[in-house]
Amino acid sequence: MKVQVLYFDGCPTYVAAEQAVREALAEEGIEAGLELVAVNTDEGAQELRFPGSPTIRVDGRDLFPVPARAEYALGCRMYATPGRLMGSPTAGMLREALAKEGAAHAEDDL
């Protein structure tokens with residue numbers, strides 16, 4: 001399983017999101033490579049279909065999918081967490097999403 005955190009350099013929340021992903025992977029016992037992917041141009045955002053920073057992908061799929069759009073550009077991403085909007089998903093949201101991905105990968109290996 002390949003996990004990526006896509007971000008742009010001006011994003012104030014991607015470091016916390018990266019740490020939360022690492023912790024969630026460890027807590028779920030999921031062995032996966034984690035790659036930081038800098039997206040620092042609008043052209044790169046368009047090419048990668050980047051909905052905002054931070055974006056967390058597993059094997060190329062957004063862990064928290066958003067509707068497709070005509071234009072992608074650099075910007076901060078907001079997540080609907082229990083109670084309020086935040087700049088990154090909560091640890092619980094990450095654990096739940098990663099656990100589902102881990103289970104899907106285990107089924108694929110059968």
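The values are calculated or read from the model by the stated rules, or taken from the named source; none is laboratory data. Because the structure is a prediction, the values reported are computed rather than measured. Positions of Cβ are generated from backbone atoms using ideal geometry, with glycine treated the same way; all protein chains shown enter the neighbour counts.
Out of curiosity, is Gly33 at positive phi and surrounded by fewer than 13 Cβ atoms within 10 Å (Cβ to Cβ)? When the stated conditions are applied, Gly33 does not pass them. Restricting region 1-30 to residues that are surrounded by 14 or more Cβ atoms within 10 Å (Cβ to Cβ) and among the charged types (D, E, K, R) leaves a set whose member that is farthest from Arg95 (Cα to Cα) is Glu18.
Does Pro89 meet the test of being buried (at least 16 other Cβ atoms within 10 Å of the Cβ), in a loop (DSSP other than H, G, I, E, B) and at pLDDT 90 or above?
On the way: buried (at least 16 other Cβ atoms within 10 Å of the Cβ): yes; in a loop (DSSP other than H, G, I, E, B): yes; at pLDDT 90 or above: yes.
For Pro89, the condition - buried (at least 16 other Cβ atoms within 10 Å of the Cβ), in a loop (DSSP other than H, G, I, E, B) and at pLDDT 90 or above - is met.
Residue count for region 21-39 satisfying the condition of being within 16 Å of Arg77 (Cα to Cα) and either of a type in the set (Gly, Ala, Ser) or over 12 Å from the mean Cα position of the chain (by Cα) (or both): 2. Scan region 41-59 for residues that are touching a residue at least 40 places away in the same chain (Cβ under 8 Å), over 17 Å from Val15 (Cβ atoms) and assigned to a loop (DSSP other than H, G, I, E, B) and jot them down. Those that are touching a residue at least 40 places away in the same chain (Cβ under 8 Å), over 17 Å from Val15 (Cβ atoms) and assigned to a loop (DSSP other than H, G, I, E, B): Phe50, Asp59.
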